[in-house]
Amino acid sequence: MQINVAQLLKEPVGAKRRYKIDEFAGENDENHVLGEVKLIRTNRGILVTGNIATDINGQCSRCLKPAHLSVTFYMEDEYFPHIDIHTGLQLPVLPDEFMIGEDNVLDLDEALRQYIITATPTKMLCKPDCQGICPICGKDMATGNCQHKNMTYDHRWDRLIQLEKENKI
């Protein structure tokens with residue numbers, strides 16, 4: 001999403017604008033992003049804040065089926081101009097900061113991409129109670145148990161299991 005902020009950069013500190021977001025973002029435009037952002041003129045640039053909702057598609061980490069998740073996040077970033085709007089002089093480029101283009105266009109795509117990645121869980125699930133697949137035969141445990149269900153355990157627990165069977169713990 002690109003926003004021309006030339007007029008906002010000419011206004012005094014504290015000036016505000018609101019913009020609705022209803023676009024697709026991500027590597028292949030696979031995430032539908034909805035929300036509203038508020039742009040506030042600061043003494044150095046423009047502060048962008050807003051509540052954003054998006055849908056994330058991925059793969060269930062337990063059963064490997066497609067997983068779908070809706071997430072919301074709050075974004076807050078400050079963007080700095082390349083050129084002084086009043087004098088036309090080049091301003092220093094700040095490393096690791098979001099910059100407003102030389103044409104005074106603020107591009108939210110990279111910030112949205114980073115927020116979507118941060119909001120994506122490390123291990124997505126197709127449903128909260130997904131049972132996954134059998135690690136031995138690969139059978140989907142949602143369709144029923146397999147003969148391996150009781151055989152899968154960590155062998156480092158053998159001695160403790162033996163003590164439990166002997167009723168010593």
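Nothing in this text is a laboratory measurement; each read-out follows from the coordinates by a stated rule. No experiment lies behind these values; they were computed from the predicted model shown. Cβ sites come from the backbone with ideal geometry, for glycine too, and all protein chains shown count toward neighbours.
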Per-q log10 I(q)/I(0), the stretch 45-111, q = 0.23 Å⁻¹ (Debye; single scatterer per alpha-carbon; no solvent): -0.97
Ordering of 104-115, 66-77, 12-23 by burial proxy (mean other Cβ atoms within 10 Å per residue, highest first): 104-115, 66-77, 12-23
Packing rank of 132-145, 48-61, where each peptide gets the mean count of other beta carbons within 10 Å, highest leading: 48-61, 132-145
All lysines inside 18 Å of K10 as judged from Cα atoms, apart from same-chain residues fewer than 8 positions distant: K38
Estimated 222 nm signal from helices in the chain, with DSSP H stretches of n ≥ 4 weighted -39500 (n - 2.57), rounded to 500: -4000 deg cm²/dmol
Equivalent ellipsoid, the stretch 1-93 (semi-axes from 5 times Cα gyration tensor eigenvalues, Å): 35, 14, 11
Net +/- balance of residues flanking C130 in space, Cβ distance below 15 Å, scoring K and R +1, D and E -1: +3
Calculated over the chain: convex hull of Cα atoms, volume per residue (Å³): 185 Å³
About the Cα centre, charge dipole magnitude for the stretch 61-169 (Lys/Arg +1, Asp/Glu -1 at Cβ), debye: 1560 debye
Counting all C-alpha pairs of the stretch 87-169, share separated by more than 15 Å (%): 78 percent
Built amide H within the under 5 Å cut-off of A15, gap 5+: R41
